[in-house]
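Structure first, commentary second.
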Amino acid sequence: MRLPLIKHLSNFIAENDEDFVIETLETLEYLTESSAIKDEEMDVLGEMISNLYGAIEVQKLVADGQTQKKALNAFMKRVQGSIN
């Protein structure tokens with residue numbers, strides 16, 4: 001996950017609509033089911049999917065009243081806590 005991408009995508013959600021991102025996720029997830037996808041491509045798809053889901057989570061925190069900076073930090077702490 002890359003925080004700058006999550007922040008950028010979170011801004012997109014705020015300016016547009018979460019539905020665009022959800023439809024993009026559905027499309028990318030569908031692509032992962034193809035046997036024509038190479039391992040390197042699967043890695044990129046997985047990274048993009050993670051960033052998109054991260055942006056949705058950050059935007060939910062912002063909608064609940066947190067600043068974007070606090071929401072990003074809280075999200076990353078949660079991710080790091082799940083890794084440890």
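Observations on the model:
- Relative contact order [Cα under 8 Å, 6+ residues apart], the chain, whole percent: 41
- Net dipole in debye of the chain [+1 Lys, Arg Cβ; -1 Asp, Glu Cβ; about Cα centre; nearest 20]: 740
- Couplings 3J(HN,Hα) for region 53-58, derived from phi with the Karplus relation 6.51 cos²θ - 1.76 cosθ + 1.60 (θ = phi - 60°), are 5, x, 5, 5, 5, 5 Hz, where x marks Gly and Pro.
- Projecting label points 7 angstrom from Cα along Cα→Cβ for residue 40 and residue 79 puts them 2.4 nm apart.
- In this simple spin-label approximation, residue 53 and residue 25 carry label points 7 Å from Cα along the Cα→Cβ vector, and these lie 0.8 nm apart.
- Considering helices alone, the calculated mean residue ellipticity of the chain at 222 nm is -27000 deg cm²/dmol, with DSSP H runs of length four and up weighted by -39500 (n - 2.57) and normalised per residue.
- The phi-based Karplus calculation (6.51 cos²θ - 1.76 cosθ + 1.60; θ = phi - 60°) puts the 3J(HN,Hα) values of region 25-31 at 4, 4, 5, 5, 5, 5, 4 Hz, whole numbers, x for Gly and Pro.
- Taking every lysine pair in region 3-83 that is 8 or more places apart or spans two chains, those with Cα atoms closer than 19 Å amount to 8.
- Sparse-neighbour loop sites [GluC sites (Glu not before Pro); region 32-84; at most 12 other C-beta within 10 Å; DSSP]: 33
We did not get these values from a lab; they are worked out from the coordinates using the rules stated. None of the values given here were measured: they were computed from a predicted structure. When we count neighbours, we look across all protein chains shown, and the Cβ atoms used for this are built from the backbone with ideal geometry, even at glycine.
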